[in-house]
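The values are calculated or read from the model by the stated rules, or taken from the named source; none is laboratory data. This structure is a prediction, so every number in the text was calculated from the model and none was measured. Glycine gets a Cβ as well: all are built from the backbone with ideal geometry, and neighbour counts include every protein chain shown. The area values use the complete protein model at the heavy-atom level, side chains included, leaving out ligands, DNA and RNA. Shrake-Rupley method; radii C 1.70, N 1.55, O 1.52, S 1.80 Å.
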Amino acid sequence: MDKTEILKALSHPVRVEFLEWMRQPEAHFSSQAHPLDMGICANQFEKRCGLSQSTVSAHLATLEKAGLVKITKVGQWTFYHRDEEAIRAFLAHLGETL
């Protein structure tokens, strides 16, 4: 776990919002054609937040680099889901050190 990368990723409100949305995908991405247990397709984030594809991709790449999300590729589609184990470990570390 790279604490610095995680803190950098969490420093932008859009990335925090993405993680919040992924926590309850059925409440935020119910229009997705693919099953939500596959993860959230990148274009769903674009539709929800109104940011460009390149901006959304950059935010998601930052979250992946920090280890907060995992990706699954299916054909041309990329699906994102929270890495709950990494998030729990980071929160536990914060609780122990702060």
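Residues are listed down the side, and each one gets a yes or a no for (1) open to solvent by less than 40 Å² (accessible area, probe 1.4 Å); (2) touching a Ser or Thr at 6+ places or on another chain (Cβ under 9 Å); (3) β-branched (Val, Ile, Thr); (4) under 14 Å from residue 15 (Cα atoms):
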position: 47; (1), (2), (3), (4): no, yes, no, no
position: 75; (1), (2), (3), (4): no, no, no, no
position: 79; (1), (2), (3), (4): yes, yes, no, no
position: 84; (1), (2), (3), (4): no, no, no, no
position: 92; (1), (2), (3), (4): no, no, no, no
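Taken as a whole, the structure leaves residue 95 outside the set of residues that are touching a residue at least 24 places away in the same chain (Cβ under 8 Å) and either within 14 Å of residue 1 (Cβ to Cβ) or in a helix (DSSP H, G or I) (or both). None of 58, 42 is under 19 Å from residue 8 (Cβ atoms), out of contact with any Lys or Arg (no Cβ under 6 Å at 6 or more places or on another chain) and either open to solvent by 60 Å² or more (accessible area, probe 1.4 Å) or not hydroxyl-bearing (Ser, Thr, Tyr) (or both) except 58. Being exposed (fewer than 14 other Cβ atoms within 10 Å of the Cβ) and under 11 Å from the mean Cα position of the chain (by Cα) is a property that does not hold for residue 26.
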